[in-house]
Amino acid sequence: MAKKEAAPYKIYLTENELPTSWYNLRADMKTKPAPFLHPGTLKPLKFEEMQPIFCDELIKQELDNDTPYIPIPEPIMDFYKMYRPSPLVHAEFLEKLLDTPAKIYYKFEGNNTSGSHKLNSAIAQAYYAKQQGLKGVTTETGAGQWGTALSMACSYFDLDCKVFMVKVSYEQKPFRREVMRTYGANVTPSPSMETEVGRRINAEHPGTTGSLGCAISEAVEVAVGTPGYRYVLGSVLNQVLLHQSVIGLETKAACDKYGIEPDIIIGCAGGGSNLGGLIAPFMGEKLRGEKDYRFIAVEPASCPSFTRGKYVYDFADTGKVCPMAKMYTLGHDFIPSANHAGGLRYHGMSPVLSELYDEGLMEARSYEQTAVFDAAVKFARVEGILPAPESAHAIKGAIDEAIRCRETGEERTIIFGLTGTGYFDLVAYQKYNDGQMSDYIPTDEDLEKGFASIPNIGL
Ligand SMILES: *Cc1c(COP(=O)(O)O)cnc(C)c1O
């Protein structure tokens, strides 16, 4: 075999090296992720039962556990060309700082206006909604990245976009809100008085600043109750992991092109979409027995779904209007403590990743937020990019592995997902810079309160 060219600092694939299909990891899983259940009948949800909520083609993708490759439609490929490929960067300066024999690479998904990987799925979901002749979509957004991505995608395909934004973010992140409005989205703070569930939650918890789970309930209620609308979700679902596989496929192609052989692949985990997408083709190799890798999910110590959650059926949302999913969960009533500023605050986790973790095919760890911001600042100062706090969890994970390599002399190759930029997270950075960021690790009693909300259905 011809010796491969040495990799440049920043690896960009050419346009004709881009993946033309998404990869569906479920096709290679021996035990498939558990199906979503109808909360009334406790039976697996059927296509027809999902139709009032989701677009038809997306339901097909959600339920398809068998087709390994699904072609990316031409209009989505066209949109991807505007900001893909994303670079795989050799973090030489971080390696030097850490004085490590490890090789560190990161896949950077922050090179688009929305500032994160979420656009990869937003554009796909908007496309299928348009194909179906719908008028618009509804969704929730927490920190705002998903809402921003979806508003860009909807404006591209001329769809209405209604976003319920968690109230605390709506107030703390006015600039995210303005990006969404600039792309034509309608943004409502949640809980609102526009929906039944919002009015109920406001009555039960006066002055509440909201939660993702609650915003989801509101968005679903509006989608189901408005003709020509459907609901779309930016993480957790199988279809979202499918669309995000474009991250992993590009990473794999770049590695193959330059003979890079990763040993450890690390990603932050909120609902699991970027991690699921990044690891997909590599995990596929592991599942087929072709290669072995270590996969590490990194989550906040204040929202430890994998490391301290339970693998059971739970509601996907606080208002219990959504189907139930079997996943690692802290309980749908769990809300991270008020001082938590680092994102990744969803109570549950992707059913695909939950199953892989439960089978021991993936590891997970959690970090406190001050340690995560320490890592973010180290990284920003040597590699130049100001990372999103979410992404900084993966940075912290990679730094710790690289330090371990320094101590043991192992020359491992580490790849981590740098999911986005932190320009809209400056309130969190300000807290950190002012020395006012604190850590709070929930006690077992705190977690018990969330666990108590998990429905006991014996599954
Ligand atoms: C939403 C988001 C995440 C977490 O979501 P996943 O579905 O777990 O990937 C991570 N990083 C950034 C920048 C995000 O916007």
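Just so it is clear, none of the values below were taken in a lab; they were calculated from the coordinates. Note that the coordinates shown come from a computational prediction; the quantities given were computed from them, not determined experimentally. Cβ placement follows ideal geometry from the backbone for every residue including glycine, while neighbour counts extend to all protein chains displayed.
I want to verify the translational diffusion coefficient of the stretch 111-246 in µm²/s; compute it with Stokes-Einstein, Rh as the Kirkwood radius over Cα pairs, at 4 °C and 1.567 mPa s.
89 µm²/s
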task = Go ahead and collect, in residue order, the members of the stretch 57-94 whose backbone nitrogen is under 20 Å from a label point 7 Å along the Cα-Cβ direction of Glu5.
result = 84-92
note = Any aspartates and glutamates whose Cα falls less than 19 Å from that of Lys10, other than same-chain ones fewer than 8 residues away, would be Glu92, Glu95, Glu109, Glu250, Asp256, Glu261, Glu383
ask   = Considering the alpha-carbon set of the stretch 1-56 alone, what are its Rg and its Dmax in angstrom?
value = 20.9, 60
note = In Å, the Kirkwood estimate of hydrodynamic radius for the stretch 1-132 over Cα pairs equals 18.2 Å
request  = Please report the orientation-averaged projected area of the chain, defined via the convex hull of its C-alpha atoms, in nm².
outcome  = 20.8 nm²
message = Run the reach check for Lys43 against lysines, Cα to Cα strictly under 26 Å, same-chain hits fewer than 8 apart removed. What comes back?
response = Lys30, Lys32, Lys60, Lys310, Lys320, Lys326
inquiry  = Please rank Val187, Val236, fewest neighbouring Cβ atoms within 10 Å first, as an exposure proxy.
reply    = Val187, Val236
key: Fewest-first ranking of Leu37, Leu344, using other Cβ atoms within 10 Å as the exposure measure   = Leu37, Leu344
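Expressed as cubic angstrom per residue, what is the convex hull volume of the alpha carbon set of the stretch 106-176?
Numbers: hull volume 6.0 nm³, N = 71.
Output value, Cα hull per residue: 85 Å³.
Within the chain, what percent of beta bridges assigned by DSSP are antiparallel, to the nearest 5?
Taking every DSSP beta bridge with both residues in the chain, the antiparallel ones total about 35 percent.
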query = Leaving out same-chain residues fewer than 8 places away, which aspartates and glutamates sit with a Cα under 15 Å from that of Lys449?
reply = Asp314, Asp333
